[in-house]
1. When the chain is treated as a GNM, springs tying every alpha-carbon pair under 10 Å, which of 118, 22, 50 comes out with the largest mean-square fluctuation?
2. Given a Förster distance of 41 Å, report the FRET efficiency between residue 238 and residue 40 from their Cβ-Cβ distance, rounded to the nearest 0.05.
3. Let a ≥ b ≥ c be the square roots of the eigenvalues of the Cα gyration tensor of the range 1-129; is it rounded (a/c under 1.5), or, if not, prolate (a/b larger than b/c) or oblate?
4. One quarter of the convex hull surface, Cα atoms only: what value does that give for the range 163-248 in nm²?
5. Where in the range 60-77 does the label zone of residue 51 land, with the point 7 angstrom along Cα→C-beta and an amide N cut-off under 17 Å?
6. Counting alpha carbon pairs within less than 8 Å and at least 6 residues apart, what relative contact order, in whole percent, applies to the chain?
7. Find how much the distance from residue 116 to residue 183 grows on full extension, using 0.36 nm per residue of separation minus their present alpha carbon separation; answer in nm with one decimal.
8. Tell me, how many Å apart are the Cα centres for the range 79-99 and for the range 148-213?
């Protein structure tokens, strides 16, 4: 396992299961919410999924299963690839409580068995803050291209690169083009008591510009079909997230 991946795995297995229960509720409760309206659980991404019945979907960096489970309920055959055993525990409990099944593979994305999964998926779905965990974007997107069937679709949604440059007071921080890998607190650390936060392991991140992301997707062999930018979570007039749709 690559050094950055090993560091991030340690961080994402530290009290992550506890965090998901705290933020999303117990798997039994979260399952009831998802089962009430699975498509709504995809939130702003639901329009990217029309008919998924019978489709094989890989949910890479699928975290606690909050997107994989609704897709399974909608009829997809879903495989999650993620680095955290703690995430896997919550996701499988969530699937069981929702009376559905998902496959969950724990490991480094860079080390996916491409001989087993080559050209196996109709759709690749990635969402949330994920790209900054990968220091080699070309290698990462090359793996994605290998996993997807000819004619398949990539749905890649992530934080907008400008988000990294805006602080809590909406002031600009001039670091958009920085390429360094750096140490940072894990995303959910702030949800715990301040007295406990010093014990949390750090993660290693590397941010990318929008042109780096788009050009790397294209150079990996994908055909870009759509690029959407999304406002802040509360409707703020700030580009907070983006979604790329591309085909193989």
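Only the coordinates and a few stated rules stand behind these numbers; no lab work does. Values in this document were obtained by computation on a predicted structure and should not be read as measured data. For neighbour counting, all protein chains shown are included, and Cβ atoms are generated from backbone atoms with ideal geometry for every residue, glycine included.
1. Looking only at 118, 22, 50, the largest GNM fluctuation is found for 50.
2. On the way: r = 24 Å, r/R0 = 0.59.
My answer for the efficiency is 0.95.
3. Details: a/c = 1.92, a/b = 1.13, b/c = 1.70.
The shape class here is oblate.
4. Numbers: hull surface 30.6 nm².
Mean orientational projected area (the range 163-248, Cα hull): 7.7 nm².
5. 74-77
6. Details: 460 pairs, mean separation 46.1, N = 248.
Across the chain, relative contact order equals 19 percent.
7. Working: separation 67, 0.36 × 67 = 24.12 nm, distance 3.36 nm.
The span from residue 116 to residue 183 would gain 20.8 nm if fully extended.
8. If we compute the Cα centre of each part, the gap is 23 Å.
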